[in-house]
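J.: Can you read through this structure? Questions will come right after.
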Amino acid sequence: MATAPDIRPTVDYRHLVQDGRLHGSLYTSPQIFAEEMEQIFHRGWSFVAHDSEIPNSGDFVVRRVGTQSLIALRGKDGEVRVFYNRCPHRGATLCQTASGHRSRITCPYHAWTFALDGRLIGLPDEGAYPPDFSKADAGLTPVARMDSYGGFIFVNLIPNQLTLREHLGHATELIDALLGLSPTGRIQLTAGWMKHKMRSNWKMIVENQVDGYHAPMVHGSLITANRTFATVRDRKPTSPTRVRDFGMGHSDIDHASDYRAAGDRLFRWTGGIDPERLPVYVKAMDDAYGPEDARRRLIEGPPHSMLFPNLSLAEMNIMVIEPVSPQHSIQYTIPVFLEGADDLNARTLRRCEGAMGPAGMLIADDAEIGELTQMGVANLEPEWIILSRGLGKEEVLANGVKLAGLMDETSQRGFWSHYREVMAASQEASQ
Ligand SMILES: [Fe+2]
């Protein structure tokens with residue numbers, strides 16, 4: 001007997017994602033969106049939470065990874081576990097708030113109650129179940145794999161072949177650079193997340209995070225209004241700043257080269273604060289790393305990077321991208337506090353509110369251009385998007401990292417070439 005034909009047409013990702021151009025349907029197709037959720041977010045490694053968000057036993061956050069709602073929860077033993085946000089009994093959602101603190105997790109439907117390590121510890125009228133019912137088999141379901149680097153916790157829901165370290169590859173350098181600005185090597189994501197609904201496809205936000213080309217145009221009003229953004233205004237195509245493609249879809253804008261060229265101006269990444277105005281932080285850095293190494297770290301500043309697929313180390317903000325539909329995403333931002341740097345942290349908070357807050361001067365510009373681009377690509381013609389700026393002119397280092405000019409589209413191409421491998425390889429494996 002003939003089997004039913006697979007009625008789903010196959011998307012040819014190797015055709016839609018070319019080295020210098022992209023097909024517009026990548027941003028609009030519901031089928032492509034659904035395949036991305038599975039292939040990239042469920043079968044790959046995705047950021048879920050940071051250690052510092054849930055410091056105490058019983059602290060939890062609820063996060064969405066792909067289509068899945070997850071609870072990251074710290075147990076009595078101090079370990080973080082990540083569970084599906086679903087009662088094993090009849091499937092009700094367990095935690096309805098974005099974060100909180102519980103001594104145990106109780107389902108709102110039939111009051112099945114779970115310990116912080118996921119064990120089922122109580123349920124009403126347990127004796128009514130058949131003899132083969134076992135509480136030991138009805139605990140919360142943990143995700144297949146979780147691992148962390150520098151306090152950043154990642155999950156892999158459908159197991160793949162890669163370790164987290166293999167997935168991160170050269171991007172561990174970026175996390176190290178951020179943590180290396182802290183006198184203790186630790187950061188604190190404790191200020192609370194700002195949440196923006198973006199009317200654009202999640203990949204547009206990824207692309208924009210490491211786009212060195214748009215700032216003088218899209219952020220023109222901010223640059224005019226705020227002298228601390230003069231570094232952006234003054235950039236020319238000959239700027240020493242480079243974009244880098246680290247492989248595995250990770251990329252950055254390497255501001256450190258710009259800051260090094262500026263030489264004597266410490267703290268350019270803070271908006272040009274004099275060292276004398278941050279005595280607590282500077283002394284703590286000197287004590288931790290010695291004056292010479294501390295000075296190098298303070299000149300070079302934090303990374304401005306995008307880690308495939310959903311985590312951006314955006315200087316003194318962490319940003320997380322949550323896809324909602326082909327046309328909608330949620331962008332979460334939180335300021336990075338450095339442990340042992342209270343004087344700097346107070347300024348970081350104000351700067352993040354000013355740039356990323358509800359009336360923020362930076363994120364609103366990017367949200368608007370994202371919405372305009374999403375509306376634009378909904379038009380059928382022209383079919384293709386041009387992404388060839390600087391193509392073929394990249395410098396390739398011995399370790400495979402590609403360098404290009406600030407305004408080249410090498411960082412976006414880095415994302416897309418990994419995207420193509422992930423999306424096409426999964427199809428080819430099933431053929
Ligand atoms: Fe921007």
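Values in this text are rule-based calculations from the coordinates and carry no lab data. Everything numeric in this text was worked out from a predicted model, so none of it was measured. When we count neighbours, we look across all protein chains shown, and the Cβ atoms used for this are built from the backbone with ideal geometry, even at glycine.
J.: With labels modelled as points extended 7 Å from the Cα through the Cβ direction, what inter-label distance (nm, one decimal) is found for residue 186 paired with residue 21?
T.: 5.3
J.: Please report, in debye to the nearest 20, how large the charge dipole of the range 170-427 is about its Cα centre when each Lys and Arg carries +1 at its beta carbon and each Asp and Glu carries -1 there.
T.: Details: 27 positive and 34 negative charges, 57 e Å.
In debye, rounded to 20, the range 170-427 gives about 280.
J.: How much FRET efficiency would the formula 1/(1 + (r/R0)^6) give for residue 162 and residue 221, where r is the Cβ-Cβ distance and R0 is 51 Å, rounded to 0.05?
T.: With a Förster radius of 51 Å, E is 0.75.
J.: Starting from 0.36 nm per residue, how many nanometres of slack lie between residue 260 and residue 386 once their C-alpha separation is accounted for?
T.: 42.1 nm
J.: On to the next question. Give the cysteines in the chain for which no other Cys Cβ lies under 4.7 Å away, or write none if there are none.
T.: 95, 352
J.: About the Cα centre of the chain, how large is the charge dipole given +1 on each Lys and Arg Cβ and -1 on each Asp and Glu Cβ? Please answer in debye to the nearest 20.
T.: On the way: 44 positive and 53 negative charges, 108 e Å.
Roughly 520 debye, rounded to the nearest 20.
J.: State, to one decimal in nm, how far the label point of residue 427 lies from the label point of residue 110, with both points 7 Å from Cα in the Cβ direction.
T.: 4.3
J.: Dipole of the chain (Lys/Arg Cβ +1, Asp/Glu Cβ -1, origin at the Cα centre): which of 307, 110, 324 lies farthest to the positive side?
T.: 110
J.: Next up: When the Debye formula is applied to the Cα atoms of the range 46-148, each taken as the same point scatterer, what base-10 log of I(q)/I(0) results at q = 0.10, 0.20, 0.22 Å⁻¹?
T.: Once normalised to I(0) and log-transformed, intensities are -0.27, -0.99, -1.18.
J.: Further question: With charges only on Cβ, +1 for K and R and -1 for D and E, what is the dipole size of the range 147-222 about its Cα centre, in debye, rounded to 20? Please list the in-between numbers first.
T.: Numbers: 6 positive and 6 negative charges, 80 e Å.
With Lys and Arg at +1 and Asp and Glu at -1, about 380 debye.
J.: Right, next: Efficiency by 1/(1 + (r/R0)^6): what FRET value for residue 102 and residue 342, r their Cβ-Cβ distance, R0 = 35 Å, to the nearest 0.05?
T.: Efficiency at R0 = 35 Å is approximately 0.70.
J.: Among 82, 98, 29, whose Cα sits farthest toward the positive end of the charge dipole of the chain (+1 at Cβ of Lys/Arg, -1 at Cβ of Asp/Glu, about the Cα centre)?
T.: Most positive-ward Cα: 98.
J.: Are there trypsin sites (Lys or Arg not before Pro) in the range 1-94 that DSSP puts in a loop and that have at most 15 other Cβ atoms within 10 Å, and which ones?
T.: Those that pass, being in a loop and sparsely packed, are 76, 90.
J.: Report the convex hull volume per residue for the range 95-194, counting only C-alpha atoms, in Å³.
T.: 160
J.: Can you give me the distance in nm between label points at residue 195 and residue 277, each placed 7 Å from the Cα along the Cα-to-Cβ direction?
T.: 3.4
J.: I need 269, 112, 193 ordered by Cβ neighbour count within 10 Å, fewest first.
T.: 193, 269, 112
J.: Could you tell me how many cubic angstrom of Cα convex hull volume the chain has per residue?
T.: Numbers: hull volume 74.1 nm³, N = 431.
Spelled out: Cα convex hull of the chain, divided by residues, is 172 Å³.
J.: Bin by bin, in steps of 10 Å, what percent of the Cα pairs in the range 170-427 do you find, going until the bin that has the longest distance?
T.: 7, 29, 38, 20, 5, 1
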